[in-house]
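First up is the structure itself, then whatever we jot down about it.
The values are calculated or read from the model by the stated rules, or taken from the named source; none is laboratory data. Keep in mind that this is a model prediction, so the values were computed, not measured. Please note: Cβ atoms are built from the backbone with ideal geometry, for glycine as well, and neighbour counts cover all protein chains shown. Please note that ligands, DNA and RNA were not included when accessible areas were found on the heavy atoms of the full protein model with its side chains. Shrake-Rupley method; radii C 1.70, N 1.55, O 1.52, S 1.80 Å.
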Amino acid sequence: MSYVDLAHKAILVTGAAGFIGANLSQRLLDEVEDVKVIGLDSVNNYYDVSIKEYRLQQLSGYLSFTFIKGNIADKKLVTSVFEQYKPEVVVNLAAQAGVRYSIINPDAYVESNLVGFFNILEAC
């Protein structure tokens, strides 16, 4: 098994207000020496926004955590995040979830899961 040293690196976590993204960000901040975590999330209302806000409030207590509210489908935003923070590691967890919602609003899935993911890949 190979090991990737994350110490002293800037790490971009998209979907940082979600359950997995928030927990990953917190674990990185707690366990990795001198890490900088940049969290990017649209904080949409697919489920209770107050839960996402609570998670972000917990992360805001870390000096080495920076939160950016925005959508990964916004190419200009993604480009500016990469230019400003120069992440060395990217964990893309941003996605529109839910099967039933995809039938009602397929555009949300195309925007986040396809266009957004493409923007992240291009920026990498």
Angle between the Cα long axis of helix 49-59 and the longest principal axis of the chain, 0 to 90 degrees, nearest 10?
-> 10
Lys, Arg +1 and Asp, Glu -1 on Cβ, resulting dipole of the chain about Cα centre, debye, nearest 20 = 200
How high is the relative contact order of the chain, in percent, counting Cα pairs under 8 Å that sit 6 or more residues apart?
-> 29
Say we join alpha carbon atoms closer than 10 Å with springs in a Gaussian network model of the chain; which of 72, 103, 51 then has the biggest fluctuation?
-> 103
Using a 10 Å cut-off on Cβ atoms, rank the peptides 85-91, 33-39 from the highest mean neighbour count down.
-> 33-39, 85-91
How far, in degrees from 0 to 90, does helix 19-31 lean away from the longest principal axis of the Cα atoms of the chain, to the nearest 10?
-> 0
Where the chain is the region considered: accessible area per residue in Å², 1.4 Å probe | 62
How much of the accessible area of the chain, in percent, comes from carbon and sulfur atoms when a 1.4 Å probe is used?
-> 56
With every protein chain present, what accessible area does residue 5 have (1.4 Å probe, heavy atoms only), rounded to the nearest 10 Å²?
-> 80
So, in nm, how far is label residue 76 from label residue 50 when the simple model puts each one 7 Å beyond its Cα toward the Cβ?
-> 3.5
Any chance you could run the full-extension gain for residue 31 through residue 88? It's 0.36 nm times the residue separation minus the Cα-Cα distance, nm to one decimal.
-> 18.8 nm
